[in-house]
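Working notes, structure below.
FYI, it's all coordinate maths here, none of it is from the lab. Since we're looking at a predicted model, the values are computed, not measured. Ideal geometry is used to build each Cβ from the backbone, glycine not excepted, and the neighbour counts take in all protein chains shown.
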Amino acid sequence: MFGVGPQELLVVLIIVLVLFGGKKIPEIMRGLGEGMREFKEAQHKAEDTVKELAQEQPDTSDAEIAETVETQQEKEYKG
């Protein structure tokens, strides 16, 4: 795992425990998990949008599809 052995991992975990304390670590992990979940959902939504656009407009270039996706995402972001 990234060239980190068990001893280094143990040292890092001890430092994290000392810095943040036992009560704060679950909150940090929960926030990290929620962020990862939101990222994956957005990634899947973007992939679905690209696939839909590719099926709807088979004669368009990749650049045109990317521009359409960006425009659609901007509309969704603005609400």
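Observations
- Within segment 1-53, the chymotrypsin sites (Phe, Trp or Tyr not before Pro) that combine a DSSP coil assignment with at most 13 other C-beta atoms in a 10 angstrom radius are 2.
- To the nearest ten degrees, helix 62-78 and the longest principal axis of the Cα atoms of the chain are 70 degrees apart.
- Histogram of C-alpha separations across segment 23-78, 5 Å bin width, %: 4, 17, 19, 17, 13, 9, 8, 6, 4, 2, 1, 0
- Between 0 and 90 degrees, the angle of helix 6-56 with respect to the longest Cα principal axis of the chain falls at about 10 degrees.
- Helical mean residue ellipticity (222 nm; -39500 (n - 2.57) per DSSP H run of 4+; nearest 500) of the chain: -31500 deg cm²/dmol
- Basic side chains Lys and Arg get +1 at the Cβ, acidic Asp and Glu get -1 at the Cβ, and with that the dipole of the chain about its Cα centre reaches some 860 debye.
- Close Lys pairs in the chain (alpha-carbon distance under 22 Å; sequence gap of 8 or more, or different chains): 6.
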